[in-house]
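Read the structure below first, then the notes.
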Amino acid sequence: RDVLVDLSGECYLLPQSFDAWDLPHKYIAPSSGAEARVLSRHLGVTALTAAEAYKRHVVGPGGAAAQRLPAAARDAALLRMLHALPALAAQDPSLVAFLCTEAGSWLPNSAGKLQPPSCLYDPRNLDLAALLPDSCFPAAPFSEDEMVLSVLAGQLGLRTLATRDTLLQAARYVEGLACRVEGRAANSAEDGALASSTYDDDADADSDMVLARSKALLAYLELEAARLMAPAFSSSSSSSGGGGGSSGSMQAGSTPEGAKHGRRFGLFSRVTDLFNQHAPLLQGKPAGEGSDSQHKQQQQQQQQQQQ
């Protein structure tokens, strides 16, 4: 709606093609070029470029401006910014660096929480989608837009490959699912048969999810072991994301960075310890299995001594 604004106070003139959304009334959206010139030249209203408007008043240092905007208006503005980022970066070369560092948390994840792009993952990598919870990916308006994902991964640090920390995060997530299944089973047993019938369907679904994600985690570890063993692929080296592509597992015949230089890194023992501590895998042998094998070994030794 139209609102009267005191031009003697703090106010800004938005670019003519810039939508004011639900910005405070101090942001003036001119209806024509002539109106913009009058406001700027004769009435002293500070004119903003599109890059300045996004940088200072949509995202803001530390994501402060993004946190103040209503979610729908914020997401619409961010989508327009990402679509126009090449032109905006030409207008203000510091914009991309600002979005990667000073802007902090400004990109919403699937749970609606604002995160730095470098803390989220590219959903086009199906391996990552199978390993990680939905909250590790951008919200739907961003994750469903191919051009936006390309900009996020190519320029703003969206992660496209799993690192060691990613696998630990995935293992903890699956472990949490497994604990939830066990807890619900215990509660169901205490509540009796009536609750048990209601529990069965949900328990089966959760158990299937635990099994599927555990298999995906181990399969990814097996396929990507060579890459993860390379010293160049520490958790910090690929946290910025964009350099690794988004296809998922290594293609046949490719050479991991680090292996080209003949280097090796003792990661297998660390990964074994890592998943023994964090992954919901069966540790130890089933009851009775160890005693049976020991009994067989004793019989074989006795037979050899008799011969």
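The values are calculated or read from the model by the stated rules, or taken from the named source; none is laboratory data. This one's a predicted model, so the numbers in the text were calculated from it and none came from an experiment. Neighbour counts are summed over all protein chains in view; Cβ atoms, including those assigned to glycine, are modelled from backbone coordinates with ideal geometry. Each accessible area value is taken on the protein alone, full model and side chains, heavy atoms only, with ligands, DNA and RNA left out. Shrake-Rupley method; radii C 1.70, N 1.55, O 1.52, S 1.80 Å.
Summary of computed values
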{"read-out": "Cβ-based net charge around LYS55, under 11 Å, with every Lys or Arg adding one and every Asp or Glu removing one", "value": "-2"}
{"read-out": "Spacing of the two label points (7 Å from each Cα toward its C-beta) at ASP6 and ARG41, in nm", "value": "2.9"}
{"read-out": "Sorted peptide list for 75-83, 155-163, criterion being average Cβ within 10 angstrom, highest first", "value": "155-163, 75-83"}
{"read-out": "Potential lengthening between ALA84 and ALA29 on full extension [0.36 nm per residue; Cα-Cα distance subtracted]", "value": "17.9 nm"}
{"read-out": "Simple label model, 7 Å out from Cα along Cβ direction - ARG184 to LEU126, nm", "value": "2.7"}
{"read-out": "Extension gain (nm, one decimal) between ALA111 and SER135, 0.36 nm per residue minus Cα-Cα", "value": "8.1 nm"}
{"read-out": "Heavy-atom accessible area order for SER31, SER143, largest first, 1.4 Å probe", "value": "SER31, SER143"}
{"read-out": "Principal axis dimensions, largest first and in whole angstrom, of region 1-77 by Cα", "value": "34, 25, 23"}
